[in-house]
Each structure stands twice: as C-alpha cells, then as structure tokens.
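Worksheet: one structure, shown below.
The values are calculated or read from the model by the stated rules, or taken from the named source; none is laboratory data. Small disclaimer: the values here were computed from a predicted structure and weren't measured. Backbone-built Cβ (ideal geometry, glycine too); neighbour counts: all protein chains shown.
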Amino acid sequence: MLRTSALRTGLVATAVLAVSVGCTVQPGGSGPLTDARPGGTPVGARVTPGNGPAEPSRTESGEPSARPAADRTTPPPPPPAPSESAPETAPDPAPEPEEPEPLMASGDESEQVRELQARLRQIGHFDRAPTGYYGSVTAAAVSSFQTKRGLDPTGETDAVTWERLLAMTDRPTRDELRPPTTKPVAKPDPRCLKGRVMCISKNSRTLSWMVDGTVKSSMDVRFGSQYTPTREGTFAVGWKSRHHVSTLYDTPMPYAMFFSGGQAVHYSADFAARGYEGASHGCVNVRDETKIAALFDEVRTGDKVVIYW
C-alpha cells in the first residue's frame, strides 16, 4: 500500500515537472522528447522569414554547407552614364600634288614662245609662221602635241612638255623663227624649176621668186574674189610700174608688174591692214612692202609668171 502511494506521488511530481519546463510527451509515450524554441519551433527545423534567424544547413558529413554562389556574388556595378564626347571628324584629306608651273601659257609673248612655235611647226603641229605670241592657236598646237605623246593635254607648256619637244626637234634657223610667209611655201610647180620665175601658189597663198629652181625669196599673197578671180596658168611680165594707180578703181598699185591684161603682182596697203579678210580685183596682192620693193628691182620684163593650185 505504501509502495503504491509512493509510486503515484512520483508520477504526479514528474508530470508537474514536465509541465513546468514546457516539454511535451509524444502521443503514446514511446517517442523521445524534443527541444522546443519559443514559439514552438523544434530544434533542427529551418526558420522561415519572420520566425527568426535561420540555422545553417549541414552536409552529410555534418559540416555547414557553403552558401549558394548567388548569395556570395556582388551585383555588377551599374553601367557608366554616357559621357559627352567630341563628334567624330573625318581625317583631313591628303594634300593634292602641286601641278608644275608652266613655262609658257596663253597670253605670254617672248622669243621662247617664237622658238616653241617654230619647233612645233617642224613636226607638223603648228601651220603658221611663228609670231612670238602664245594665243589660242598655239595652245591648241601644244595640246595636240601633248595628246600624241601621252601627256596631259593642258595646252600649257610645262617643263616635261618642253623637254620632250626639244628632244624631238632641231634648233630653229633664222628663217624658221621669222619665215618669209605666214604658211609654209608650197612645193614648186614643175614649170617653176627652170629660168627666172615668179612661182605663185593659190593653195599656200605664197609667192616664191625662183632662179633655175632655187628659191631666192618668198612672201604672202592674196587673190581676187570669186567675182573677179585671178587667172591661172603660165604668163610673162609685160611691163612694170613702180607708182602705178588703177584707172578702173582709182586705187594705188605700187610696184606693179603686169602679167595678164590689167592683172598684176603689186603691193596692197589694204592687204597689209586687213589680211585675208579682203580680196583683190584679180591682181596678186603682196602685203610686205619691203619684199615687193626688192622683188620689183629683181624682176625683168619677160620673166615668167606661173599661177597654180
């Protein structure tokens, strides 16, 4: 009886103690006691946000597991704010090579220009007598020469053009620099090769005074218009008149040498002033008074006159 009372007393005391420390008994009384945290969370359980600090989880070996890499990675810094920079500019273009200064160009007038024209005439690029003036005709002749030689056809004479021309031509003679006629003298007609002849070419518009096939002097001439043409053929000087004046047209005909009726070779002041813009009334006009005066003194009555194309 005493043993049973004492056992009951112990069981009651144990129950009271269990209630006082907050422990619970598993249903059925067979399971172990578990620790409880304030709020009732058992030991070893993870704490969700709001339940307090979480315990580190452990691996199978019992060591704390590493925190996920995402938890350790520092977030990347924000991209830098765009900065204002100077606008990109295209690089300066390479400077163009300087063109060589021309030795001679349009508007120049010199003895070197006269030599240029004479040399171009030697190789068929200039068909007039050198004047020493660099005009449009000379520029065109230089351009033609440059094109044929593969040079830039500027029409201006630079050092390269000049050196190439010097290498291809001879030093001009006095007659080449100052020829007696504007255009080259024509090849003499066969009728001009014997005796004393005024050999006159309508094609080249030149007169050559020839003695036994040798040209003694040459000069520019012009002829009559289509309404008063100069006759062609072989004639002879009928008479001469140094200070002649036309009775038909009342115009001076100095140094006149008549060869066919009223047609004569003579000096023409109009030809000297106007050039080939005018025409005669059938005569052969000469514009160089000095040359026709000298010819007048050379020619004799009866000397031959040949007019041909």
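Would you confirm whether any residue within segment 177-185 is surrounded by 14 or more Cβ atoms within 10 Å (Cβ to Cβ) and modelled with pLDDT of 95 or more? Lay out the reasoning, then the answer.
Narrowing segment 177-185 to residues surrounded by 14 or more Cβ atoms within 10 Å (Cβ to Cβ): 177-185.
Filter once more, so that each one left must be modelled with pLDDT of 95 or more: none.
No, segment 177-185 contains no residue that is surrounded by 14 or more Cβ atoms within 10 Å (Cβ to Cβ) and modelled with pLDDT of 95 or more.
Only one of these conditions is not met by L151: (1) crowded, with 18+ Cβ neighbours inside 10 Å; (2) closer than 20 Å to S106 by Cα. Which number is it?
Just one mismatch for L151, condition (1).
Tally time: how many residues in segment 262-290 are modelled with pLDDT of 95 or more, aromatic (F, W, Y) and surrounded by fewer than 20 Cβ atoms within 10 Å (Cβ to Cβ)?
Residues in segment 262-290 being modelled with pLDDT of 95 or more, aromatic (F, W, Y) and surrounded by fewer than 20 Cβ atoms within 10 Å (Cβ to Cβ): 0 in total.
Just to be sure I understand, how many residues within segment 265-309 are within 24 Å of G213 (Cα to Cα), in contact with a Gly (Cβ under 9 Å, 6 or more places away or on another chain) and either without any contact (Cβ under 8 Å) to a residue 24 or more places away in the chain or assigned to a helix (DSSP H, G or I) (or both)?
0
Right, D250: outside the structural domain of R128 (by TED's automatic domain parsing) and at pLDDT 95 or above or not? Before the answer, list the steps.
On the way: outside the structural domain of R128 (by TED's automatic domain parsing): yes; at pLDDT 95 or above: no.
Answer is no for this residue.
I'd like to check something: does segment 201-216 contain any residue that is more than 14 Å from P184 (Cβ to Cβ), touching a Leu at 6+ places or on another chain (Cβ under 8 Å) and assigned to a strand (DSSP E or B)?
For segment 201-216, residues more than 14 Å from P184 (Cβ to Cβ), touching a Leu at 6+ places or on another chain (Cβ under 8 Å) and assigned to a strand (DSSP E or B): present.
Quick one: would you say P172 is touching a helix residue (DSSP H, G or I) at 6+ places or on another chain (Cβ under 7 Å), closer than 28 Å to T290 by Cβ and not assigned by TED's automatic domain parsing to the domain that holds A269?
Details: touching a helix residue (DSSP H, G or I) at 6+ places or on another chain (Cβ under 7 Å): yes; closer than 28 Å to T290 by Cβ: yes; not assigned by TED's automatic domain parsing to the domain that holds A269: yes.
Yes; evaluated as a whole, the condition is true for this residue.
Restricting to segment 112-144, and then to whatever is in contact (Cβ under 8 Å) with a residue 40 or more places away in the chain and assigned to a helix (DSSP H, G or I), can you tell me which residue is surrounded by the most Cβ atoms within 10 Å (Cβ to Cβ)?
Restricting attention to segment 112-144, the residues satisfying the condition of being in contact (Cβ under 8 Å) with a residue 40 or more places away in the chain are 114-116, 118-123, 127-130.
Adding the requirement that they be assigned to a helix (DSSP H, G or I) leaves 114-116, 118-122.
On the way: R114: 20, E115: 21, L116: 29, A118: 23, R119: 22, L120: 22, R121: 20, Q122: 15.
For segment 112-144, the residue satisfying everything is L116.
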